Structure formats: C-alpha cells, structure tokens
Amino acid sequence: MATILCVEDEDVLREDLVEELTDYGYKVLSARNGAEGFKIVSETKDLDLVLSDISMPVMDGMGLLRKIRESNAPYASTPFVFLSAMSDNKHMIEGKSLGVDDYIIKPVNFDLLLSTIAKQLTKSKSRSAAPPGAPTAPSTVSSQAKPNKPDDRVPNSPTVRALNQNPHPKPSTKPTSVTGSSSPPPAPIAPTMAKSIPQPANSPGARPPSSTQHHVEGMNTQPPPFPDDSRLVAGRFQLLGIDKLKEKVGDKWEHHQRLIHNIMVSVVSKNIGPLDSCRISEDGDMMVCFSQLNEVEARFKLDAIRKEVWIKLLGEEGYKDDLNISTQAFEIKGQAYELEVEEEEYSKAKDPWDIIQKRIEQSAQSTQEKVDIFLQEILERAEIRFTRLQNTAGDNLPLSLASFDDFGQERQQKIEQVIDEADPRRLIIEGAYIGQTTGYMISNLIDMAAAGVIMRLDYQLCTNKKEFDRVLMLLESLPQKSRERLIIALTGLPNNIHLTKISDLMARLRPFCKMGATELQLHMPGDHHFDMLGVTILILDYHEALAMGRHSKSKYIQAIKTIKLKKKRVMVLNAPKGKEKILNSLGGDFIHIRDMELF
C-alpha cells in the first residue's frame, strides 16, 4: 500500500483529499503547510509521493519542493505533484525547474488526480528497477482541457465543485487519516464477501478470498463470551433486493457491488463500540452483538447505521442514478433482539456466531407470528404523549411532538422490523396515531394552553385514497383553536420524490393546520426552490443529519444556509441526550430529544 503525503492549508479540501485517497486504498499523511510537510517527509520512511498545494502560509509548496530536492536524503527523489489553482506558465516553469513531476489544476477532478498518482507511482517503481543511467519518461502537466461548470448551488466554491466532479466511485477501505505521524497504518480491510465481491488483482489492498468469517480492521469479529445472565443483545443488518439491482445495472454490477460492500464496512466500523462484536458473511449480511445496549437502543443504533449507509450510497456521483431506479426493490433492513442462549450449546458450538444467527432468525419468526397481536395491543393500550422540543441551548420551547408512548413505540418497532413497507398493517398503525392525536387536541384544548403540536403524517398513508380521506375528515373535525396550534409534518417520503408532489399534498393539508413541515432529503440541499414545497419547517433525523455532514460537509452547510435564507426552520428529530456540541453544528432550530415528555 503506497503512502502519500497531502499538504494543503484549506481544511475542508485537505480532509476531502485525505478521505478520497484513503477510500482508494492509500495510506495518507496530511499537513497544513510546507514546514509541517517537510517535517513529515524527513521523519517518514518509505514515503511514496507528495501531493502539495502551492500557496500556503509558513512555507509554500515551492519551498517544500526545493527543500526536498536539494537534500541529500533518500527522499530527495520522491515523486512530487502540485495541486494548485495557479495554471500560468510562470509557476509551471518554476516548478519544473525545481523538479516537480506533475500538476493538477483546481478545481480537482478526482478521477484525473487518482490517474496521475497511479502514473507517478508506476514511473517511480520503474526508475527504482531500472539500471543506473537508463533514461526516464518526461514529466507532464495534468489539467482539465475544459473546467467543469461551477456548482450553481455553491457559487465560487472550488471545494464543492471538486466534490461534484467525481463521477466514478471507487472501492474503499476503512478511512485512516494521519496528521504528522510516522506510525504504521492499520492493514487494509480484507474483502468480506469473497464469493460475491471479487477484488481486482491490482487494486490497493486486494487479498485472496477468505472463509465465511472474516477479519475486518477496526472491528472485533470474535463471537462475544457467554453472558452471565444468558442474554445477548444482537442485531442483523441485511441488503434486500440485490438480485434485482444486479439485473438492473448489468455489467456495472461488479463495480457497484464492491462499493456497497466497502461503504457498509466503513459505516459499521465507525458506529459500533470497541467492546461490540461483528461478523460479516459472504452474502453481505452483518451480525452485531452489542455489549452495552438494550434491545430498544440497539434498534436505534441499527437504524442509524442503515440511514448512513443509504445516504452514502445515494450520494455517490455516477452511482445514484442507477441505484435510484431500483430503490423500490433495493432495501436495507435492520433487526435487533434480546436473545436467550444456553451455556452448554454456546460453549460446544464450533462457531458461536451460528447460534446467534439461529436465535435472531427464531426471534424474527416469533415476532412475525405475533404481528397481529402487537397491532391489537397498540390499538387497545398505546397512548399518545407529547415530547417538548428544545433549542440548541437546551431551553424548552412551546412546541411538542406527538408520538406513541414507550409501550406503543416498542410494539411499533417490533412490527416494522418484520413486515414490508407496503404491508397494509402499517396504515392501521398510522391511522391509530392520527386518530388519537386529533382526538386529544379536541378534548384537551385548555390543558394544552398555547403549545404548538407537531403531528407526523406518513406519505404512504397519503397515497391511499381511502385512508387519506379519513385523515382529512379527522382534520376537518378539529376546532379552529386546534388548527392554529397544529403543524403537520410529512414523513416517510420516497427517495427523490418530486417537490411538486410535496407541494400539492401540502396544499390540501394547509387549511387544517398552522403550518407544514416535511423531511429534508439528500437531493434537496442543492435545490434552491424550497419555497415551492409549501412548508415552513424542514425535518432531519439526527442520524441522517450526521450522515449528510460526514458525506459532504460543505454541501450540508450550504443546505442549512439556503434554508435559513429562505426563512425556513430546521427540526432535528431523535437526538440522544448529551450531544449538545454536535447538535449546535447541525444547525437545528427545534431539537427533539428522546424521552423528554411534556404531558
């Protein structure tokens, strides 16, 4: 695995370069200026290439190149590539006179960057293997013949333009960023779907296929020890509809399959704890044993993983078009259960993971058989509660979110783990929630004082004419005072729904509420037409917001700025307690903290 030093003073671009190169299988060191860069060069053994900006404080790129080339150290001949917005002949000539090997002109085209790096590494190896005095190929200048059109959504932002110019995603390994350190990096992640995800022989970090249980760097793949109370909290993470997706993308499948796999490994490794255990099977299913979570918390964790994987997949340029065609068939599903295991069976098992998998399947089957019982329990016993929202300072706001109580949510989660998205029993649950919420608002006007109430309305229910007519009838029964306090939030939107559909739906609902809200989807951040949605509040799940920020921080920041400029508000749902610093960075106006009740 080649080692590359990235020297760039712009923090966002440096982080993006490190992530991109790491994902492609390189070990990446980073520095903020030439002085830091030269210190790393002089202290790092077996450095393969330097990628450096020109204009930087303390020591610029020309100064760094000069110090490297004029030294008598072994690193004096290290391949050196300039990354710069300066494309005039003066700088190119100066760089050539100092011994630069190549140029990449900003905004960066990552495909061109990766190709240039691969070429320079190949040339370097050829020079090392050639006999003394043998001629070497001359250096070239790499630039775009015609720069890509600037991103209309983020004017004059070369960083974001660079991010948007990567049309072909690459296979990745677990990201490793090292700043100013010469310590050895972790080994690259081994392929964990040996039969279904072939690795090219010449790809960075490629290894031969392994057996069913695989070692993955950064994750504990050993089965957990037998628990003292004979109970384990374990979850399963599955990709459904792979066969249909494979058929849809055709000869692109091998490429996409590697991408799906590597994104899953990367996301899961970042989201599980050091004491958790994880097994990845050859067919891509993952099992996780959580050492410190209960069953409900494990479901939230698996849902967070599912959402981040989905966002990263949909956000990959050159990939999302193919995937979006198949979103109805392609699904990521997570299940979590508290399992009871027998000590004798567990200790004698050749592989305890097989016992865990068997228990998960038994729990899923048992839940499947009890769906109708759980549904009846929701209808008979679940009650509506109102959770007060907060601002980022932790102050309570005169606004609450209506939801089922803990019992109702627990039963609803169990049901949704095992039934399909199109199962009509989902509509029964949503109908019960709408009925109880509107009923409470009619009968408890005095108790509610001036509090505003957010009521979620699932999009699937709205597409069923019979059920939607019932919703409209319930809303019509609300007195005017209730309507003045009601905010209707559309949730469960399908991926890449056209904004006009949201607008048309909100137009039918607006006569019955004070304002409307809807989910902020991945494709919306670049859309400046928030006004056409007909809503005042854009909703983000806490984990989805984190995933968006990780995937493209600059795009997420721009999305929040655009929303605020349009006089819209941002609501963040399902935030865990004690995450104030993270919540401040997400830009939310209204924060929903789990388990904080109003009534």
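The values are calculated or read from the model by the stated rules, or taken from the named source; none is laboratory data. For clarity, every value in this text was computed on a predicted model and none was experimentally measured. Every residue, glycine as well, gets a Cβ built from its backbone with ideal geometry; the counts of neighbours run over all protein chains shown. For the accessible areas, the whole protein counts, side chains as well, though only heavy atoms, and no ligand, DNA or RNA atoms are used. Shrake-Rupley method; radii C 1.70, N 1.55, O 1.52, S 1.80 Å.
Quick notes
- Qualifying residue in region 408-420 (condition: at pLDDT below 90 and outside any helix (DSSP H, G or I)): yes
- Residue count for region 454-477 under the criterion of being part of a helix (DSSP H, G or I) and open to solvent by less than 60 Å² (accessible area, probe 1.4 Å): the result is 10.
- Restricting attention to region 39-81 and to residues that are within 26 Å of ILE105 (Cβ to Cβ) and β-branched (Val, Ile, Thr), the residue that is most open to solvent (accessible area, probe 1.4 Å) turns out to be VAL58.
- Within region 407-421, the set of residues being without any contact (Cβ under 8 Å) to a residue 24 or more places away in the chain and surrounded by fewer than 16 Cβ atoms within 10 Å (Cβ to Cβ) comprises ASP420 only.
- Matching helices (runs of 4 or more DSSP H) fully within region 10-87 where at least 3 residues are modelled with pLDDT under 90 and closer than 22 Å to LYS553 by Cα: 11-23
- Scanning region 477-523 for residues that are among the hydroxyl-bearing types (Ser, Thr, Tyr) and either touching a strand residue (DSSP E or B) at 6+ places or on another chain (Cβ under 7 Å) or at pLDDT 85 or above (or both) yields SER477, SER482, THR491, SER503, THR518.
- Within region 331-353, the set of residues being closer than 15 Å to PHE290 by Cβ and part of a helix (DSSP H, G or I) comprises TRP353 only.
- Picking from residues in region 376-405 that are surrounded by 14 or more Cβ atoms within 10 Å (Cβ to Cβ) and assigned to a helix (DSSP H, G or I), the one that is nearest to the chain's Cα centre (by Cα) is ILE378.
Yes/no per residue for (1) of a type in the set (Ser, Thr, Tyr); (2) modelled with pLDDT of 80 or more:
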{"position": "LEU239", "(1), (2)": "no, no"}
{"position": "ASP251", "(1), (2)": "no, no"}
{"position": "SER277", "(1), (2)": "yes, yes"}
{"position": "LEU293", "(1), (2)": "no, yes"}
{"position": "ASP303", "(1), (2)": "no, yes"}
